[in-house]
Amino acid sequence: TPAMPDSKVRKGKKKTSLKKFIINCAKPVEDEIFDMASFTKYLHDKIKVNGKTGNLGDDVKISNPDDSTVEVTAKCDFSKRYLKYLTKRFLKGQNLRDYIRIIAGAQKSSYELKYFNVHNEEEEETAE
């Protein structure tokens, strides 16, 4: 039996991609019905890393670049859909889910909070 040749095994860190997600909450914040500080704290408390909440460490960073935006930067596997889920849960807890919806933003990695279009329904009711 021939001796096994030494295989070239790289022992280093594997390349991890940095994922950056932005949630734009400008319209509700301007109307002062949405509290950015409590939303940021909610995300900080509820985001799970490796199946545990409150375990962000260096893998996930949450920041507020300005008064109406939340930026989540993740080094580990993290889905944009998970942020949408957490945002919907926060809106439900604040009783804002009937008025505000979260939709995909202009960039691929962003979400935007917008109002439901209730104005047309009110006009129809007064027209009858």
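The values are calculated or read from the model by the stated rules, or taken from the named source; none is laboratory data. In this text the structure is predicted, and so the values were computed from the model without any measurement. Neighbour counts are summed over all protein chains in view; Cβ atoms, including those assigned to glycine, are modelled from backbone coordinates with ideal geometry. Just so you know, the surface numbers come from the protein's heavy atoms only, side chains and all, with ligands and any DNA or RNA stripped out. Shrake-Rupley method; radii C 1.70, N 1.55, O 1.52, S 1.80 Å.
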Just a yes or no: is a residue in region 94-102 surrounded by fewer than 17 Cβ atoms within 10 Å (Cβ to Cβ) and of a type in the set (Val, Ile, Thr)?
-> no
Residues within region 28-78 that are of a type in the set (Val, Ile, Thr) and in a helix (DSSP H, G or I), tallied = 2
Which condition breaks for residue 88 when tested against (1) in contact with an Asp or Glu (Cβ under 8 Å, 6 or more places away or on another chain); (2) surrounded by 14 or more Cβ atoms within 10 Å (Cβ to Cβ)?
-> (1)
Which of (1) over 16 Å from residue 20 (Cα atoms); (2) open to solvent by less than 60 Å² (accessible area, probe 1.4 Å) is the odd one out, the single condition residue 45 does not satisfy?
-> (2)
Mind checking which residues of region 58-77 are more than 20 Å from residue 18 (Cβ to Cβ) and touching a Cys at 6+ places or on another chain (Cβ under 8 Å)?
-> 68
Could you please tell me which pairs satisfy a Cβ distance under 8 Å, a separation of 6+ or placement on different chains, a first residue in region 56-69 that is open to solvent by less than 60 Å² (accessible area, probe 1.4 Å) and of a type in the set (A, V, I, L, M), and a second residue that is assigned to a loop (DSSP other than H, G, I, E, B) and at pLDDT below 90?
-> 60/76; 60/78; 62/56
Are there any pairs, at least 6 apart or on different chains, whose C-beta atoms fall under 6 Å, with the first in region 24-47 and modelled with pLDDT under 90 and the second surrounded by 15 or more Cβ atoms within 10 Å (Cβ to Cβ), and if so, which?
-> 34/25; 34/28
Look through 95, 55, 120 and report the one residue that is farther than 26 Å from residue 17 by Cβ, at pLDDT below 90 and of a type outside the set (Asp, Glu).
-> 120
